[in-house]
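Participant: Sharing a structure below in structure tokens format, with a few things to ask.
What follows is calculated from the coordinates using simple rules that are stated; it is not laboratory data. Remember, predicted model here, so these are calculated numbers, not experimental data. All Cβ positions, glycine included, derive from the backbone under ideal geometry; neighbour counts span all protein chains shown.
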Amino acid sequence: MHKRTSLRRLAAVAITAGFVTGATLPAFAQSDPIRIGLILPMSGPFASTGRQVEAAAKLYVAQHGSTIAGRKVELIVKDDGGTADVTRRLAQELVVNDKVTVLGGFGLTPLALATAPIATQSKTPMVVMAAATSSIIDASPFIVRTSFTLPQATIGIAEWAPKNGIRRVVTLVSDYGPGIDAEKVFVARFTQGGGQVTDSLRVPLRNPDFAPFLQKVRDAKPDALFVFLPSGVGGQMMKQFTERGLDKAGIRLIATGDVTDDDILNGMGDAALGVVTSHHYSAAHDSPANKAFVEAFTKANPGMRPNFMAVGGYDGMRVIYKGLEAAKGAGGEALLATMKGQSFESPRGPVTIDAATRDIVQDIYIRRVERVGGQLYNVEFDVLRAVRDPGRG
Ligand code: DHB
């Protein structure tokens, strides 16, 4: 008994001093499952994000099996309802009680930011699959991002617009991290290209009423309105854009692809036709990898079309799976190291998890909403290759 205790103490001291590595004293038993904890808004106003990420993550598991390094993989999905306090509590429970090896999901910027300190303190890798404010990546050295950043998505349309007869623009964004990123980058790049931003409007993240803002835009009569809204909200804005007659007044709508989100685009009707956006994913992306992804996703989830959130979730699981395989099931810094630097063909196109920044490098497409086979799609017609997040520094 005494001998055992002292041996244990010795082991504890050795670990503290950094003498014993995971290879000689593994932190897990070979019979322990590897748990992946996803925290997503499965209810509330941003539930479409949770639904999309979960469906794609489950598809990835169905396609790639539930065993890594001889251990069973368990995917745990928790609903935070889009509320940061809940995300933080769930993250704590997943780390302490469920002993997850990795955290993932994060449907909105405040939810990712609320979890970052837990990832840092517990040394748990955290894969941001949806949230997209540039600065999230700096909130913890354990964060890896497979979604995108708003500066990355915005530069495409900000550079396209002044080259295509758009001179005067009003911007309209959700008043929080990603909206402010989008506004800042749009104003800078569009102005650089010779355009003029005559007004910048911000709407509340929750329950926005677009009517007074759109009336203001109609009165100002710019060449175009640039919009960023989080996934799932674009339809309401589009409806009011036409109801208030902005289209008839000759005001064009330009946006990041969050507005013409594949999850709701078909429901927007003809009002969306011709809207030009820039983004990293379209369900209409023309590649064999994307065709296979869309087909498998739709088969597993009848009536649902994958959007950019689904791709963030699918690729997030890819990064986790390949990382775990290379780290032989270990978590912590070993897993972080094997997630960094991964390069692969995503349904969106070629991507890299930059080893230095931990952020995703990807192509950004310029797209126009068109009717294809009776359905509305974002049809890509130009591309910026291998875009790094331009929003930091
Ligand atoms: C964020 C959320 C979204 O739904 C989106 O489309 C872009 C960014 C966010 O909160 O970071």
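Participant: Let me have the 222 nm mean residue ellipticity of the chain computed from DSSP H runs of 4+ only, each contributing -39500 (n - 2.57), with the sum over all residues rounded to the nearest 500. Write out the running numbers ahead of the final one.
Facilitator: Working: 11 runs with 148 residues, N = 393.
When only DSSP H runs of four or more count, the value is -12000 deg cm²/dmol.
Participant: What residues qualify as long-range amide H neighbours of residue 383, i.e. H under 5 Å apart, gap of 5 or more or another chain, H built at 1.01 Å from N?
Facilitator: 366
Participant: Describe numerically, in nm with one decimal, the distance between label points set 7 Å from Cα along Cα→Cβ at residue 164 and at residue 135.
Facilitator: 3.2 nm
Participant: Out of residues 5 or more away from residue 68 or on other chains, whose amide H comes under 5 Å of its own, with H placed 1.01 Å from N in the peptide plane?
Facilitator: Counting only residues 5 or more places away or on other chains, the set is 73.
Participant: Which ³J(HN,Hα) values, rounded to whole Hz and listed in residue order, are derived for the stretch 358-366 from phi using the Karplus coefficients 6.51, -1.76 and 1.60 in 6.51 cos²θ - 1.76 cosθ + 1.60 with θ = phi - 60°, glycine and proline given as x?
Facilitator: 6, 9, 7, 10, 7, 7, 10, 9, 9
Participant: If I build a Gaussian network model for the chain, linking alpha-carbon pairs within less than 10 angstrom, which residue out of 274, 37, 313 has the largest mean-square fluctuation?
Facilitator: So, out of 274, 37, 313, the one fluctuating most is 274.
Participant: If you keep only loop residues by DSSP, which trypsin sites (Lys or Arg not before Pro) in the stretch 258-331 have at most 16 other Cβ atoms within 10 Å of their Cβ?
Facilitator: Numbers: sites: 291, 299, 318, 322, 328; in loops: 328.
Counting only loop positions with at most 16 other Cβ atoms within 10 Å, the trypsin sites (Lys or Arg not before Pro) in the stretch 258-331 are 328.
Participant: So how far apart, in nm, are the two label points at residue 300 and residue 74 if each is 7 Å from Cα heading toward Cβ?
Facilitator: Reported label-point gap for residue 300 and residue 74 is 2.0 nm.
Participant: Which residue fluctuates the most in the chain, going by a Gaussian network model with Cα springs under 10 Å, if the choices are 213, 381, 186?
Facilitator: For the chain, modelled as a Gaussian network with Cα springs under 10 Å, the answer is 381.
Participant: Taking θ = phi - 60°, what integer Hz values does the Karplus form 6.51 cos²θ - 1.76 cosθ + 1.60 yield along the stretch 133-148, in sequence order, with x for Gly and Pro?
Facilitator: With coefficients 6.51, -1.76 and 1.60, one gets 6, 3, 6, 3, 4, 7, 6, 7, x, 9, 8, 10, 10, 10, 8, 5 Hz.
Participant: Suppose R0 equals 41 Å. What FRET efficiency, 1/(1 + (r/R0)^6) with r the Cβ-Cβ distance, do residue 247 and residue 98 give to the nearest 0.05? Please report the intermediate quantities before stating the final value.
Facilitator: On the way: r = 50 Å, r/R0 = 1.22.
Working from the Cβ atoms, E equals 0.25.
Participant: Quick one: net charge around residue 231, please, counting Lys, Arg +1 and Asp, Glu -1 for every other residue with C-beta under 9 Å from its C-beta.
Facilitator: Its environment carries a net charge of -3.
Participant: Amide H to amide H, which residues 5 or more places from residue 199 or on other chains are under 5 Å from it, using H placed in the peptide plane?
Facilitator: For residue 199, whose amide H was placed from the backbone, the distant partners under 5 Å are 171.
Participant: Tell me the label-point distance for the pair residue 220, residue 372, using the 7 Å Cα-to-Cβ offset, in nm and rounded to one decimal.
Facilitator: A separation of 3.3 nm, rounded to one decimal place.
Participant: With θ set to phi - 60°, apply the Karplus curve 6.51 cos²θ - 1.76 cosθ + 1.60 along the stretch 205-214 and write out the HN-Hα couplings as whole Hz, x wherever there is a Gly or Pro.
Facilitator: 5, 9, 6, x, 9, 7, 3, x, 5, 5
Participant: Mind checking the full-extension length gain between residue 333 and residue 43? Use 0.36 nm per residue of separation minus the Cα-Cα distance, one decimal, nm. Show your work: numbers first, answer last.
Facilitator: On the way: separation 290, 0.36 × 290 = 104.40 nm, distance 3.25 nm.
Stretched out fully, the residue 333 to residue 43 stretch lengthens by 101.1 nm.
Participant: What relative contact order, as a whole-number percentage, does the chain give when Cα pairs under 8 Å and 6 or more residues apart are counted? Numbers along the way, then the final one.
Facilitator: Details: 829 pairs, mean separation 67.2, N = 393.
Reported relative contact order: 17 percent.
Participant: Considering only 357, 298, 338, give the residue with the highest GNM mean-square fluctuation for the chain, with springs between Cα atoms whenever their separation is below 10 Å.
Facilitator: 298
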